[in-house]
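Asker: Input: one structure, supplied below.
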Amino acid sequence: DAGITQSPRHKVTETGTPVTLRCHQTENHRYMYWYRQDPGHGLRLIHYSYGVKDTDKGEVSDGYSVSRSKTEDFLLTLESATSSQTSVYFCAISGQGESYEQYFGPGTRLTVT
Amino acid sequence: AQSVAQPEDQVNVAEGNPLTVKCTYSVSGNPYLFWYVQYPNRGLQFLLKYITGDNLVKGSYGFEAEFNKSQTSFHLKKPSALVSDSALYFCAVRGLRGFQKLVFGTGTRLLVSP
């Protein structure tokens, strides 16, 4: 999976608790992304980063925050988890240039009870 | 806004037969189009892309895609399907706001029967 790891790979948490997912890359790519995958919706962008401390919202950012203090790490935080945030979360990376393809991590399956 | 549509939730094909997974797009400006595949419990894997040039793009695992500007389509094809091709396939287009963002379709499940 192109030098991308995600942790944890599985997590069950209770409604109202904060949760942080970690994405770590060894490719030194500038761009990093967080998506969620839900049946019938494909992948939807939550937040993305275009450099250290540079982040922006995607299409489904409500209830999520991100941080990127180092090139290799991109953290996704669910501030107060809700059942609607039960999903599979994928991190992706891409370099600069016109190629634009993204490379994906293995995913984190999050269940909010 | 940039978008892609995958009109089929599932495509069934017998092993050895040709397969097509359909994708249509709607973009402002030149389309940058991608296909990804997802095997069970795995992340998405990049298959191929169209940026410019030849309308027939060749990718990984024997897949190819045909870009058709007049029909705004970017269908994924393979001449002879394998059972191991059974997976979830996603079409994607580069987002308008920001060069790097991708907008994904809802996915098509390909089932290849022996």
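The values are calculated or read from the model by the stated rules, or taken from the named source; none is laboratory data. In this text, all values refer to a predicted model and were calculated from it rather than measured experimentally. Note that we place each Cβ from the backbone using ideal geometry, even for glycine, and neighbour counts take in every protein chain shown. When the accessible area is computed, the model is the full protein with side chains, heavy atoms only, and any ligands, DNA or RNA have been set aside. Shrake-Rupley method; radii C 1.70, N 1.55, O 1.52, S 1.80 Å.
Asker: Taking segment B:53-73 as the search range and keeping residues that are touching a Lys or Arg at 6+ places or on another chain (Cβ under 9 Å) and in contact (Cβ under 8 Å) with a residue 12 or more places away in the chain, which one is nearest to the other protein chains (Cβ to nearest Cβ)?
Answerer: Taking the candidates together, the pick is B:G59.
Asker: Now for a separate question. Of a type in the set (A, V, I, L, M) and more than 13 Å from the chain's Cα centre (by Cα): which single residue out of B:L82, B:L48 fits that description? Steps first, answer last, please.
Answerer: Working: B:L48 fails: more than 13 Å from the chain's Cα centre (by Cα).
None of the others qualify; the one that does is B:L82.
Asker: Which one of these is modelled with pLDDT under 95 and either in contact with an Asp or Glu (Cβ under 7 Å, 6 or more places away or on another chain) or not hydrophobic (A, V, I, L, M, F, W, C) (or both): A:Y64, A:Y50?
Answerer: Numbers: A:Y64 fails: modelled with pLDDT under 95.
Going through A:Y64, A:Y50 in turn, the sole match is A:Y50.
Asker: Go through segment A:76-99 and give me each residue that's surrounded by fewer than 21 Cβ atoms within 10 Å (Cβ to Cβ) and within 14 Å of another protein chain (Cβ to nearest Cβ).
Answerer: A:V88, A:G95, A:Q96, A:G97, A:E98, A:S99 - these are the residues of segment A:76-99 that are surrounded by fewer than 21 Cβ atoms within 10 Å (Cβ to Cβ) and within 14 Å of another protein chain (Cβ to nearest Cβ).
Asker: Quick test of your reading of the structure: B:P18 fulfils all but one of (1) within 12 Å of the chain's Cα centre (by Cα); (2) open to solvent by 20 Å² or more (accessible area, probe 1.4 Å); (3) not β-branched (V, I, T). Name the failing condition by number.
Answerer: Condition (1) is where B:P18 drops out.
Asker: Let me ask something additional. Among the charged types (D, E, K, R) and either within 12 Å of chain B (Cβ to nearest Cβ) or closer than 20 Å to B:Q38 by Cα (or both): which single residue out of A:D38, A:D73 fits that description?
Answerer: On the way: A:D73 fails: either within 12 Å of chain B (Cβ to nearest Cβ) or closer than 20 Å to B:Q38 by Cα (or both).
Being among the charged types (D, E, K, R) and either within 12 Å of chain B (Cβ to nearest Cβ) or closer than 20 Å to B:Q38 by Cα (or both) holds for just one of A:D38, A:D73, which is A:D38.
Asker: Return the total of residues in segment A:9-34 being farther than 17 Å from A:G51 by Cβ and open to solvent by 50 Å² or more (accessible area, probe 1.4 Å).
Answerer: Qualifying residue count, segment A:9-34: 10.
Asker: Return the total of residues in segment A:19-32 being of a type in the set (D, E, K, R) and either assigned to a loop (DSSP other than H, G, I, E, B) or within 22 Å of B:L88 (Cβ to Cβ) (or both).
Answerer: Looking only at that region, the number is 2.
Rundown of residues vs (1) over 25 Å from B:V37 (Cα atoms); (2) hydroxyl-bearing (S, T, Y); (3) in a strand (DSSP E or B), yes/no style:
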| residue | (1), (2), (3) |
| --- | --- |
| A:L45 | no, no, yes |
| A:D56 | yes, no, yes |
| A:E59 | no, no, no |
| A:R68 | yes, no, yes |
| A:S80 | yes, yes, no |
| A:V88 | no, no, yes |
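Asker: Taking the criterion of being crowded, with 19+ Cβ neighbours inside 10 Å and more than 13 Å from the chain's Cα centre (by Cα), would at least one residue in segment B:32-43 satisfy it? First the steps, then the outcome.
Answerer: Start the filter on segment B:32-43 by keeping residues that are crowded, with 19+ Cβ neighbours inside 10 Å, which leaves B:32-38, B:43.
Within this subset, residues satisfying the condition of being more than 13 Å from the chain's Cα centre (by Cα) are B:43.
Checked segment B:32-43: at least one residue is crowded, with 19+ Cβ neighbours inside 10 Å and more than 13 Å from the chain's Cα centre (by Cα).
Asker: Still on this structure, I have one more. Go through A:Y100, A:Y35 for me and flag whichever is assigned to a strand (DSSP E or B) and of a type outside the set (S, T, N, Q).
Answerer: Details: A:Y100 fails: assigned to a strand (DSSP E or B).
Step by step, each of A:Y100, A:Y35 is checked, and only A:Y35 is assigned to a strand (DSSP E or B) and of a type outside the set (S, T, N, Q).
Asker: Just wondering, is there one or more residues in segment B:32-52 that are touching a strand residue (DSSP E or B) at 6+ places or on another chain (Cβ under 8 Å), among the aromatic types (F, W, Y), more than 8 Å from every other protein chain (Cβ to nearest Cβ) and without any contact (Cβ under 8 Å) to a residue 40 or more places away in the chain?
Answerer: There is at least one residue in segment B:32-52 that is touching a strand residue (DSSP E or B) at 6+ places or on another chain (Cβ under 8 Å), among the aromatic types (F, W, Y), more than 8 Å from every other protein chain (Cβ to nearest Cβ) and without any contact (Cβ under 8 Å) to a residue 40 or more places away in the chain.
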